[in-house]
Amino acid sequence: MIKIGTIGTNWITQRMVEAATATGEYELAAVYSRHEDTGKVFAEKNHCQQVYCSLNDFMSSDQFDTVYIASPNVFHFAQVLEAIQHDKNVIVEKPAFMNPRQMQRVLDELTLHPQVRLFEAARNVHMPAFKAVQKTLAKVHQLAGADFVFSQYSSRYDLVLAGETPNVFNFKFAGGALADLGIYPLYDAIGLFGLPIKQIYYPTMIAIGADGKGTAILHYADYDITLNFSKISSSKHESEIYAGRDIIAIDNGGEFTEAKLITPDETKVISSKYVENPMIPEMTDFANVLNHHDNPEIRRQYQAWLQLMQQVNETLNNLAVSAGIHYPDQFKE
């Protein structure tokens, strides 16, 4: 049984705990929160006895072997590094890191702790529909680009309109649309098509100075891929991959819960709608790595995810720089 400790007590952490429990592979063993009352409420709800308000005490604990990090983006780098240094496996919410320098520093630390595994919780690339699209693309020879859409109105934007600055829209916490929803379609594009030759980001800035929505264009040798994402508006548009007369359609670039192949003659479902907790597939994949690390095929898959994580990090940085966006950097030599 994988013993897991959590950083963060918000809705995404609750969803993760429920998914982890559903797999039968994990047990929640410890909760960290800066506020004791909040930590106790979360722990009691999930039948956990250990609550920490000191991050150092939490990381030093022998109650768990894997930490799940869902703190504000700006804290991910330092917390991941500390967890690895305490020989904890890490599952970190996206974006794991805000620039390639942070990413490389963590990769260097991993070489000093070869038994530790690091995962970025980009759940869309672990969904059955994503894997079905990968198999379908392997048979396609006339790729002509793609459009990935993921737009969800954030309730936190109501706070912005009321004059507040919530963390998810605050550059001090590495917030904004690109660093939140934009990661999902970015994982779609790079996971399916590899690194682009060049990329550019056109953000729509909101009054408090963050990008509320945006369009990113990834240029490849023979086609372009467009990413549209927003936290200040919603969209019901499907995401589409273009292949001559055929279209591969996905519900949206973030959820990736279903996919179909549309040809001039028929519409074929290649992955039916996934209706369970959408974090179950990723938590299952991570458990396979942690439980079967000696399996060569599973080791190869883990290394592929780590490489994809690095490629997404590089492209995220390039997109931010192209738009003049600079996130805080807590990197220390």
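The values are calculated or read from the model by the stated rules, or taken from the named source; none is laboratory data. Computed from a predicted structure; not experimentally measured. Positions of Cβ are backbone-derived with ideal geometry, glycine not excepted, and every protein chain shown enters the neighbour counts. All accessible areas refer to the heavy atoms of the entire protein, side chains included, with ligands and DNA or RNA removed. Shrake-Rupley method; radii C 1.70, N 1.55, O 1.52, S 1.80 Å.
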Discussion item. Going by what's in this entry, would L181 be described as under 19 Å from the mean Cα position of the chain (by Cα), farther than 24 Å from T263 by Cα and either part of a loop (DSSP other than H, G, I, E, B) or of a type in the set (A, V, I, L, M) (or both)?
Written reply: yes
Worksheet, complete the sentence: E82 vs (1) of a type outside the set (A, V, I, L, M, F, W, C); (2) open to solvent by 70 Å² or more (accessible area, probe 1.4 Å); (3) part of a helix (DSSP H, G or I): all pass except (2)
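Given the criteria open to solvent by less than 40 Å² (accessible area, probe 1.4 Å), part of a strand (DSSP E or B) and more than 30 Å from G324 (Cβ to Cβ), does I298 qualify?
no
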Fill in: Odd one out for E27 among (1) open to solvent by 60 Å² or more (accessible area, probe 1.4 Å); (2) assigned to a strand (DSSP E or B); (3) closer than 26 Å to S154 by Cα
(3)
Practice prompt. Hey, can you tell me all the residues within segment 215-245 that are assigned to a strand (DSSP E or B), open to solvent by 10 Å² or more (accessible area, probe 1.4 Å) and over 27 Å from H141 (Cβ atoms)?
Written response: T215
Worksheet item: Looking only at segment 40-73, which residues are more than 23 Å from Q85 (Cβ to Cβ) and buried (at least 18 other Cβ atoms within 10 Å of the Cβ)?
Response: F42, A43, C48
Practice prompt. Could you look through segment 100-138, keep only residues that are of a type in the set (V, I, T) and surrounded by 15 or more Cβ atoms within 10 Å (Cβ to Cβ), and pick out the one that is farthest from V149 (Cα to Cα)?
Written response: V116
Worksheet item: Any idea which of I248, I270 is surrounded by fewer than 20 Cβ atoms within 10 Å (Cβ to Cβ), touching a helix residue (DSSP H, G or I) at 6+ places or on another chain (Cβ under 7 Å) and modelled with pLDDT of 95 or more?
Response: I270
Practice prompt. Within segment 266-283, identify whether any single residue is touching a strand residue (DSSP E or B) at 6+ places or on another chain (Cβ under 7 Å), more than 30 Å from T66 (Cα to Cα) and in a loop (DSSP other than H, G, I, E, B), and answer yes or no.
Written response: no
